[in-house]
Amino acid sequence: MMLVAGIDIGSLTAKALILEDSKIRAYAIIPTGVDSEGTSKKVMNSALERAELSLEDLEYVVSTGYGRVIVPFANKNITEISCHAKGAVFLFPSVRTILDMGGQDCKAIRCDASGKVQNFAMNDKCAAGTGRFFEIIAETMELPLEELGGLSLEAMSAAKISSACVVFAKSEVLALLRKGVDKKNILAGINEAVALRVFALLNRVGIEKDFAITGGIAKNVGVVRKVEEKVGLKALIAEEPQIVGALGAALFAKEALEQV
Amino acid sequence: MAATIPQIDSEVQKQYAQFVANFFKSAFDARNAGKKLVWMAYYLPSELCYALDAVPFYPEIWGGVCARQGIVLKYLEAAESFGYPRELCSATKSAAGMALSGEAPPPDAVLSTQPVCDGGMKVHELVAVRYKCPHFFIDVPYTKDKNGIEYLTGELEGALKFLTESFGTELSEARLKKVVELSKRAEELHLEVNELRKKKPSPLLSLELFGQYFFPCSFLGGTQAAIDFYAMVAEVAKRRIKEGNVLEEKYRLLWAPLVPQSFLSILQWLELEYKAKVVMEMVGYAPKIEMDAAKPLESLARKTLEARFPSLGNGPGVLNLDRYREIVKDYDIDAVIYFAHWGCRTICSAVKMVKDLLREEFDVPMLVLDGDIFDPRNNPVEQARARVEEFFEMLE
């Protein structure tokens, strides 16, 4: 039995996943605190507890995400783009295009059948379409974050949101709220603006079937629906899309161990 | 906060630093030395000044030096306080800020031109107004054919006439020819240095001249100092090759189009972490220029039209693609890192064209890094490092 782990320290959440041979044994997701090293220990301990294992049981650990270099128990660190591609292809072997919508950035990734990255593009200069963006929109509209997607699907029409920039979009949302525009219609408009932006990002790498969305925003059904409309493809989404990067890291750990 | 600039024990780098310091010291000392000072757009040939024993001052290049020293913000803030927008090119704004703050050597004349951008052109007008000094605009065509050369030769003649009238001096034809002869020699030596950079592994380090191998030819063209400098660099490169004292390389990189001040630390990291060496920069490329001291102004016109700033806006961007083709082939480039300076429309708009060319014709991947050429407030160095890591993971 081979026990390895992947740990993904993202800007908003930290994820740890334990792989037993090729099967996910346990995982954990917690918010990333200011102490990334402490967060990495906490999330790994949480996953280990669920797997009824200790750190010593793990034969190899690969870290990824923005905080990957500060994970003290990682044997190796690999960037999140490689890990998301690896994880997505493991879950959906036919996937060749991945949209990772994380806490702080969006990445469009093209990969081959083995999950090796062929091309990638990242959003630049702004947080449009990221977890942080939707957190701010939720705060502005005084709505629970997890309800944004479902509510947007109930919209009668999409309000016009001209910018996906956090600052400008927030101003536009406030102006629309003052005008009395239905919150559902505003949310639909926001999703439309975000979808347009990520569609452009995807086009930069070239969209090839099949298509998957990973990261926390994949849980927002409203955004997913709009992106699918733009792309013209049904998005493959993991049961827990936030752990795809950690899964990829664990798969790299498994490969590293097999090569030894 | 200014980015930490890695130090390497390099004769080339030490002498380059001294060389740049001397160049700008001469500008700051010009008035005391009884010499005329000319603020120039950085597309224009320094030889015009040296022919008249005047001193050129390139404000945007001084802005780059100040950025490296972590003191450029005062100029940017001066320009922004005056009303220049935050989004405007920081190179242009640094020049405006120097003029507005009065913390730069005052010009006796200003020479401007339209390449490489509208902002650069307009800021020299501001300088002339601010200092109440005469200003001459050199119209640079973008065609390098006979008509273009003739036209620019006439423009340069007009510029020299303007300077002599403004300064109340006379042009010595003999001196002009001598200056062009020196310029020609520096160009030849720069070519020699770049030939040496084609060797595998390349004998010079990415960071040694901060990616500015063009500096001596561009701004000290027509001086013995430029010749001595390139001769020294060539000698160092040859010695390293002979002694086998050359840093190993796995990837040969082209850096385009400009090397930002904030990313200098990345250059050395690339070499150490990935054995990825910048073996050529778009601004470090040495074009072959037909120069003949017997035809001094025509020679300077040819040199100006072979500008070292491709992708930076003299004519349609497509005209610059041949230089990418030449470099990728001649230097056996494995990958290109393209710095998209936020404030520059021409650099940013060329991204797709260059990326497509590299992929379709050479299957060479290109990484695009976003940032600001000078502004320390827009220096996402860690984000750039993250993207570089992703990029090299993909290559490996």
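Coordinate-derived values only; no laboratory data. Note that the structure is predicted; figures quoted are calculated from it, not measured. For neighbour counting, all protein chains shown are included, and Cβ atoms are generated from backbone atoms with ideal geometry for every residue, glycine included.
At a glance:
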| read-out | value |
| --- | --- |
| Rel. contact order, % - alpha carbon contacts under 8 angstrom, at least six apart, region A:94-237 | 32 |
| Tilt relative to chain A, helix A:244-259 - C-alpha long axis, 0 to 90 degrees, to 10 | 20 |
| A:S157-A:E239 FRET efficiency (beta carbon distance; Förster radius 30 Å; 0.05 resolution) | 0.40 |
| For region A:94-237, share of DSSP beta bridges that run antiparallel, in % to the nearest 5 | 60 |
| Cα gyration tensor category, rounded, prolate or oblate, for region B:1-141 with a/c compared to 1.5 | oblate |
| Using alpha-carbon coordinates, inclination of helix B:59-68 to the longest axis of chain B, degrees | 40 |
| Gain upon complete extension [B:N32, B:R377; 0.36 nm per residue less C-alpha separation] | 120.6 nm |
| Zone residues, region A:61-104, relative to A:V260, backbone N less than 15 Å from point 7 Å out along Cα-to-Cβ | A:61-63, A:73-77 |
| Gap separating the Cα centres of region A:131-176 and region B:338-371, nearest whole Å | 33 |
| Given charges at Cβ of Lys, Arg, Asp, Glu: region B:67-142 dipole, positive-most of B:C133, B:T92, B:A67 | B:A67 |
| Size of charge dipole - chain B - debye, nearest 20, with Cβ of Lys, Arg +1 and Asp, Glu -1, no other charges | 500 |
| Theoretical FRET efficiency, 1/(1+(r/R0)^6), r = Cβ-Cβ of B:R345 and A:V181, R0 35 Å, to 0.05 | 0.50 |
| GNM top mover of A:R204, A:R110, A:R96 - chain A, alpha-carbon springs below 10 Å | A:R204 |
| For the protein assembly as shown, the fraction of alpha-carbon pairs in successive 20 Å shells from zero, as % | 18, 44, 29, 9, 0 |
| Rounded tilt (10° steps) of B:11-28 against the dominant C-alpha axis of chain B | 20 |
| Linear extension gain, B:K352 paired with B:K122, 0.36 nm per residue minus alpha-carbon span | 80.0 nm |
| Whole-Hz couplings from phi, Karplus 6.51/-1.76/1.60, listed for region B:336-352; x for Gly and Pro | 10, 10, 10, 8, 8, 5, 3, x, 10, 5, 5, 5, 5, 6, 7, 3, 5 |
| C-alpha center-to-center spacing [region B:25-63, region B:224-267] in angstrom | 26 |
| Footprinting exposure proxy for B:Y84, B:Y131, B:Y58 (fewest neighbouring C-beta atoms within 10 Å first) | B:Y131, B:Y84, B:Y58 |
| Residue among A:E139, A:E172, A:E229 with the largest mean-square fluctuation in a Gaussian network model of chain A, springs linking Cα atoms under 10 Å | A:E139 |
| Antiparallel %, DSSP beta bridges [both residues in the protein assembly as shown], to 5 | 40 |
| Among the listed pairs B:K250/B:K355; B:K200/B:K329; A:K107/A:K170; A:K15/A:K170; B:K161/B:K295; B:K14/B:K275, those beyond 19 Å (Cα-Cα) | B:K250/B:K355; A:K107/A:K170; A:K15/A:K170; B:K14/B:K275 |
| At R0 = 45 Å, FRET efficiency that the Cβ-Cβ distance of B:F362 and B:A225 yields, to 0.05 | 0.75 |
| Rg(Cα) / (2.2 N^0.38 Å) computed for region B:163-273, rounded to two decimals | 1.33 |
| log10 of Debye I(q)/I(0), alpha-carbon scatterers only, for region B:264-371 at 0.12, 0.18 Å⁻¹ | -0.48, -0.97 |
| For region A:94-237: rounded, prolate or oblate by the Cα gyration tensor [a/c cutoff 1.5] | prolate |
| Residue order, fewest to most surrounding Cβ atoms within 10 angstrom, among B:W62, B:W269 | B:W269, B:W62 |
| Hypothetical label at A:E229: residues of region A:194-208 whose amide nitrogen lies under 14 Å (7 Å Cα-Cβ projection) | A:194-197, A:199 |
| Label-point separation, A:E139 to A:L196 (7 Å along Cα→Cβ), nm | 2.6 |
| Residues B:C133, B:C89, sorted so that the one with the fewest Cβ neighbours within 10 Å comes first | B:C133, B:C89 |
| Potential extension, A:E59-A:L174 segment - 0.36 nm per residue separation minus Cα distance | 36.2 nm |
| Spin-label model distance (nm) - B:D330 vs A:N75, 7 Å beyond Cα toward Cβ | 4.8 |
| Ratio Rg/Rh, restricted to chain A and using Cα atoms, in which Rh is the Kirkwood radius | 1.00 |
| Of B:S112, B:S166, B:S262, the one that fluctuates the most in a GNM where chain B has Cα springs shorter than 10 Å | B:S166 |
| Ratio Rg/Rh [Cα only; Rh per Kirkwood] for region A:80-139 | 1.06 |
| Average Cα contact separation per residue, region B:11-173, under 8 Å, 6 or more apart, as relative contact order % | 20 |
| Separation of the B:V129 and B:L171 label points, Cα + 7 Å toward Cβ, nm | 3.0 |
| Sparse-neighbourhood loop sites, GluC sites (Glu not before Pro) in region B:215-318 - DSSP loop, at most 13 other Cβ within 10 angstrom | B:E248, B:E290 |
